[in-house]
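Comments concern the structure below.
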2 protein chains.
Amino acid sequence: MKEFFDKEIEEMEVEKCMFPLFVTSAVLQKEKSHVAGFEPEVAWVTKAGKSDLDVDLAIRPTSETVIYPYFSKWIRNHHDLPMKVNQWCNVVRWEFSNPMPFIRSREFYWQEGHTAFATKEEADAEVLEILELYRQIYEEFLAVPVIKGKKSELEKFAGALYTCSIEAFIPNTGRGIQGATSHCLGQNFSAKEFFDITFQNEKEKKDSVWQNSWAYSTRTIGVMVMVHGDDKGLVLPPKVASQQVIVIPVPYRDANTQEIFDACAATVKTLRKAGIRANVDKRDYHTPGWKYSYWEMKGVPLRIEIGPKDLTNNQVRAVRRDNGAKMDLSTVSLVEQVKELLDKIQESLFDSAKQRRDACIQITRTWDEFVEALGQKKLILAPWCDEEEVEKDVKERTKGDTGAAKTLCTPFDQPEMHEGTRCFASGKLAKKWSYWGRSY
Amino acid sequence: MKEFFDKEIEEMEVEKCMFPLFVTSAVLQKEKSHVAGFEPEVAWVTKAGKSDLDVDLAIRPTSETVIYPYFSKWIRNHHDLPMKVNQWCNVVRWEFSNPMPFIRSREFYWQEGHTAFATKEEADAEVLEILELYRQIYEEFLAVPVIKGKKSELEKFAGALYTCSIEAFIPNTGRGIQGATSHCLGQNFSAKEFFDITFQNEKEKKDSVWQNSWAYSTRTIGVMVMVHGDDKGLVLPPKVASQQVIVIPVPYRDANTQEIFDACAATVKTLRKAGIRANVDKRDYHTPGWKYSYWEMKGVPLRIEIGPKDLTNNQVRAVRRDNGAKMDLSTVSLVEQVKELLDKIQESLFDSAKQRRDACIQITRTWDEFVEALGQKKLILAPWCDEEEVEKDVKERTKGDTGAAKTLCTPFDQPEMHEGTRCFASGKLAKKWSYWGRSY
């Protein structure tokens with residue numbers, strides 16, 4: 001995913017960069033709505049060795065405030081624009097309520113892109129271009145269906161003009177999850193009183209730049225685990241599985257064990273040569289059955305078993321992790337068949353996930369329907385008046401042990417809205433269809 | 001460099017990994033000599049949001065103590081060995097005395113490899129294998145000559161059995177600098193009373209693993225800057241220069257400016273197509289002379305100028321950053337000539353750096369010779385008794401405003417030592433030749 005993404009943004013002329021881990025409180029606080037969103041969960045370094053620091057240092061929760069003082073120095077003239085940088089780094093956000101591995105962890109690894117443009121049009125276009133890359137990462141690599149849309153005012157990034165996101169859904173728990181975000185920061189951070197990122201435009205007048213920031217994180221891994229995993233363990237889509245095929249020797253009584261192990265090694269060699277990430281489990285102190293369970297738990301998409309009969313028949317036995325289907329593959333065209341199988345597994349993981357996700361989507365038009373659907377762990381699509389106070393009110397009215405309902409996004413793909421349609425929550429005239437639900 | 005290194009260690013079956021930024025004080029303190037070396041410069045997180053943490057968290061100064069609790073869980077049996085992981089990450093060491101960008105900065109980026117073996121022989125072999133990769137990075141990528149050797153007991157990594165390093169030298173300041181290190185940790189960390197990393201060996205007996213750790217950091221960039229830079233700015237070796245060629249249009253009075261700019265763009269296109277990292281400086285509000293200085297400061301290895309005369313003669317003018325040499329290149333075989341020139345620049349940067357480094361090496365056999373050479377900023381090669389107390393004494397006797405002298409390394413490449421040779425400092429029988437000097 002990283003290779004794919006880096007290549008794509010390189011073509012967009014985004015430069016690789018690395019900025020520091022620490023930011024002082026004074027700089028962190030420059031953009032007021034931004035710091036209000038992040039300060040409650042900032043980790044502070046206050047000591048080094050045995051000495052107290054003169055100034056406490058925040059560990060970056062995100063790097064807008066770390067990077068933009070440099071943008072302010074580097075950008076002078078419209079010839080310096082657009083400026084586009086991206087870094088892969090760790091950030092820290094101290095979750096007090098519900099830390100959860102990969103989904104909401106106190107440290108996480110991500111890429112964060114930061115760009116500055118002369119015009120809003122350019123910034124707007126990039127927000128969508130990046131969002132499309134995020135969709136590809138989820139749908140084409142992780143086999144997780146997502147919805148593209150815009151966040152509500154209440155849910156947008158602290159300090160942004162607007163936030164676009166892709167939203168996934170976990171049917172088992174009935175919760176939505178924000179997959180990745182692409183923000184237009186407008187001229188909020190670049191304003192003279194904040195980071196003062198100004199340039200002389202083509203008419204030789206001073207203007208503030210238009211900025212975006214966009215990120216996806218190791219949360220992608222958590223979403224993938226939750227969407228595809230089953231009671232046996234992980235289920236990994238072939239495109240992102242570090243091992244795509246595990247080959248397991250199945251010796252049998254008098255059969256020539258060495259011959260079987262050799263055939264396994266040869267199979268791995270053949271597959272690897274064709275670019276397939278394959279390995280053999282050579283451990284002689286575990287039974288084949290033990291190994292099947294072990295590699296199922298690890299989520300390896302395809303298992304190949306080789307026993308004495310297979311040797312005789314010039315075939316191997318293949319077992320799919322996703323649906324357990326078993327088949328014999330002739331060793332003659334093994335590479336082609338394995339490649340085709342891996343493609344099929346990738347495709348059917350997506351199709352199955354999409355089917356399960358779509359089955360959860362429920363259109364509700366009234367408060368009662370909404371509450372009922374929420375109780376049934378649905379992904380709710382409802383007509384909304386788009387008022388911040390109404391979203392706050394919905395949160396208040398649905399709060400409880402399992403968390404309150406909120407907007408996930410207003411999808412770009414809008415169903416038709418008939419004239420006079422009312423908001424499910426306020427009864428006012430609805431402005432748009434939005435997705436609602438509990439979320440991570 | 002990263003691509004090169006990652007590919008090499010992948011072939012050694014080192015797995016990519018990511019471990020956390022934080023480590024608790026209790027775990028950090030497990031290996032006593034290790035923590036003694038690092039604790040004085042550890043940065044501590046003590047607050048999150050407005051709350052004090054129950055337990056202060058150290059930001060990793062290096063990750064032995066972060067990773068080895070996992071090794072202890074993962075390694076059970078000799079079949080689990082060798083275990084080899086590598087991560088690219090940031091670490092923090094709070095320098096109080098002399099922080100210096102890239103050379104000794106409070107946060108730096110590096111790779112750290114951590115490996116465990118069943119036998120000392122395997123660990124020993126890997127230490128050298130990795131050291132050779134570090135030599136290649138310095139000599140073949142950064143064009144910086146280095147010396148391979150072993151650190152003294154006083155200078156080895158805190159907690160290691162022994163440390164090997166590559167050492168560079170900065171003639172201008174007369175200081176040595178440790179370029180990268182490859183440590184054999186022996187069974188110090190794996191011991192039962194520390195991290196308890198034990199395995200059942202082939203004879204079904206319990207044994208502690210043999211461990212290595214090895215790292216190179218962004219210090220490489222600092223060393224390159226100091227070794228090659230001149231009064232005009234950076235001088236970048238072509239292999240690591242993000243821009244290898246800068247093309248500058250040189251319009252002249254009545255000459256067809258557009259034609260010149262087009263020729264520049266076409267030249268860049270041709271060079272890029274051949275895999276050369278080339279760019280054109282199209283800015284129309286700077287003179288060519290201004291641009292020459294600008295790109296010299298940035299260290300771009302080769303400048304190409306295109307003016308009206310060049311167009312007429314189907315040639316371009318090339319200027320080397322390293323020695324200022326100018327030449328006309330025919331546009332017919334431009335790619336071949338530019339490639340050849342870049343190779344030559346790479347080679348001659350190394351040769352010139354080696355010549356300057358070698359000119360600083362001084363053999364001293366007595367204390368007086370040693371002190372004189374130190375005053376002349378030499379890289380001193382001296383016969384030594386290899387006693388820790390003697391090194392401490394040398395440090396004590398040479399301390400002053402510019403820092404004390406210490407051992408840099410005992411080179412693998414040992415000059416002949418005649419019987420009866422005495423230590424330059426103690427007068428005892430010498431055991432080896434070692435490099436000494438002031439250092440960063």
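Quick look at the numbers
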quantity	calculated
Among residues of segment A:404-432, those that are within 20 Å of A:Gly179 (Cα to Cα), in contact (Cβ under 8 Å) with a residue 40 or more places away in the chain and surrounded by 15 or more Cβ atoms within 10 Å (Cβ to Cβ), counted	6
Condition check for B:Ile304: away from every other protein chain (no Cβ under 14 Å) and under 37 Å from the mean Cα position of the chain (by Cα)	yes
When residues of segment A:283-300 are limited to those that are over 23 Å from A:Val338 (Cα atoms) and either part of a loop (DSSP other than H, G, I, E, B) or within 24 Å of the chain's Cα centre (by Cα) (or both), the one nearest to the other protein chains (Cβ to nearest Cβ)	A:Arg283
Selection status of A:Ile363, touching a strand residue (DSSP E or B) at 6+ places or on another chain (Cβ under 9 Å) and crowded, with 20+ Cβ neighbours inside 10 Å	no
Some residue of segment A:322-335 being touching a strand residue (DSSP E or B) at 6+ places or on another chain (Cβ under 8 Å), closer than 29 Å to B:Glu15 by Cβ, among the charged types (D, E, K, R) and assigned to a loop (DSSP other than H, G, I, E, B)	no
Sole exception among (1) farther than 25 Å from A:Thr119 by Cα; (2) touching a residue at least 60 places away in the same chain (Cβ under 8 Å); (3) more than 12 Å from chain B (Cβ to nearest Cβ) for A:Ile9, by number	(1)
Qualifying position, being at pLDDT below 95 and more than 21 Å from A:Ala168 (Cβ to Cβ), among A:Ala274, A:Ala263, A:Ala255	A:Ala255
Test result for A:Arg303, part of a strand (DSSP E or B), touching a Gly at 6+ places or on another chain (Cβ under 9 Å) and over 24 Å from A:Tyr138 (Cα atoms)	no
Residues being among the hydrophobic types (A, V, I, L, M, F, W, C), surrounded by fewer than 18 Cβ atoms within 10 Å (Cβ to Cβ) and in contact (Cβ under 8 Å) with a residue 24 or more places away in the chain - total across segment B:30-65	2
Segment B:383-440: number of residues that are small (Gly, Ala, Ser), closer than 16 Å to B:Lys148 by Cα and in contact with a helix residue (DSSP H, G or I) (Cβ under 8 Å, 6 or more places away or on another chain)	1
Boolean, B:Val240 is within 30 Å of B:Lys2 (Cβ to Cβ), in a loop (DSSP other than H, G, I, E, B) and in contact (Cβ under 8 Å) with a residue 60 or more places away in the chain	yes
B:Leu154 closer than 28 Å to B:Ala382 by Cα, surrounded by fewer than 16 Cβ atoms within 10 Å (Cβ to Cβ), under 31 Å from the mean Cα position of the chain (by Cα) and of a type in the set (A, V, I, L, M, F, W, C)	yes
Among (1) more than 14 Å from chain B (Cβ to nearest Cβ); (2) surrounded by fewer than 23 Cβ atoms within 10 Å (Cβ to Cβ); (3) farther than 24 Å from A:Glu3 by Cα - the single one A:Ala160 does not satisfy	(2)
Boolean, B:Ala180 is in a strand (DSSP E or B) and either at pLDDT below 95 or buried (at least 22 other Cβ atoms within 10 Å of the Cβ) (or both)	yes
Where a residue in segment A:13-29 is under 15 Å from B:Ser242 (Cα atoms) and its partner, wherever it lies, is surrounded by 19 or more Cβ atoms within 10 Å (Cβ to Cβ), with Cβ under 7 Å and at least six apart	A:Val14/A:Val85; A:Val14/A:Asn86; A:Val14/A:Gly113; A:Glu15/A:Val85; A:Lys16/A:Asn86; A:Cys17/A:Val85; A:Cys17/A:Asn86
Subset of segment A:191-223 [closer than 24 Å to A:Arg93 by Cβ and among the polar types (S, T, N, Q)]	A:Gln211, A:Asn212, A:Ser213, A:Ser217, A:Thr218, A:Thr220
Considering residues of segment B:32-65 that are of a type in the set (Val, Ile, Thr) and assigned to a helix (DSSP H, G or I) only, the residue farthest from the other protein chains (Cβ to nearest Cβ)	B:Thr65
Close pairs (6 angstrom Cβ cut-off, 6 or more residues apart or separate chains): on the phi < 0 side of the Ramachandran plot in segment B:212-226, among the small types (Gly, Ala, Ser) and surrounded by 20 or more Cβ atoms within 10 Å (Cβ to Cβ) anywhere	B:Asn212/B:Ala123; B:Trp214/B:Gly113; B:Trp214/B:Ser182; B:Tyr216/B:Ala180; B:Val223/B:Ala168
Members of segment B:256-278 that are assigned to a helix (DSSP H, G or I) and either among the β-branched types (Val, Ile, Thr) or buried (at least 16 other Cβ atoms within 10 Å of the Cβ) (or both)	B:Thr257, B:Ile260, B:Phe261, B:Ala263, B:Cys264, B:Thr267, B:Val268, B:Thr270, B:Leu271
Members of segment B:12-31 found to be among the small types (Gly, Ala, Ser) and within 12 Å of chain A (Cβ to nearest Cβ), listed by number	B:Ser25
Residue in segment B:142-151 that is within 25 Å of A:Gln87 (Cα to Cα), away from every other protein chain (no Cβ under 14 Å), among the hydrophobic types (A, V, I, L, M, F, W, C) and surrounded by 21 or more Cβ atoms within 10 Å (Cβ to Cβ) present	yes
Scope segment A:66-113; condition within 14 Å of another protein chain (Cβ to nearest Cβ), of a type in the set (A, V, I, L, M, F, W, C) and either part of a strand (DSSP E or B) or in contact with an Asp or Glu (Cβ under 8 Å, 6 or more places away or on another chain) (or both); matching residues	A:Trp74, A:Val85, A:Trp88, A:Cys89, A:Val91, A:Val92, A:Trp94, A:Phe96, A:Phe108, A:Trp110
Considering residues of segment A:196-245 that are over 30 Å from A:Lys344 (Cβ atoms) and surrounded by 24 or more Cβ atoms within 10 Å (Cβ to Cβ) only, the residue farthest from the chain's Cα centre (by Cα)	A:Ile197
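The values are calculated or read from the model by the stated rules, or taken from the named source; none is laboratory data. Quick caveat, the model's predicted, so the values are computed rather than measured. Positions of Cβ are generated from backbone atoms using ideal geometry, with glycine treated the same way; all protein chains shown enter the neighbour counts.
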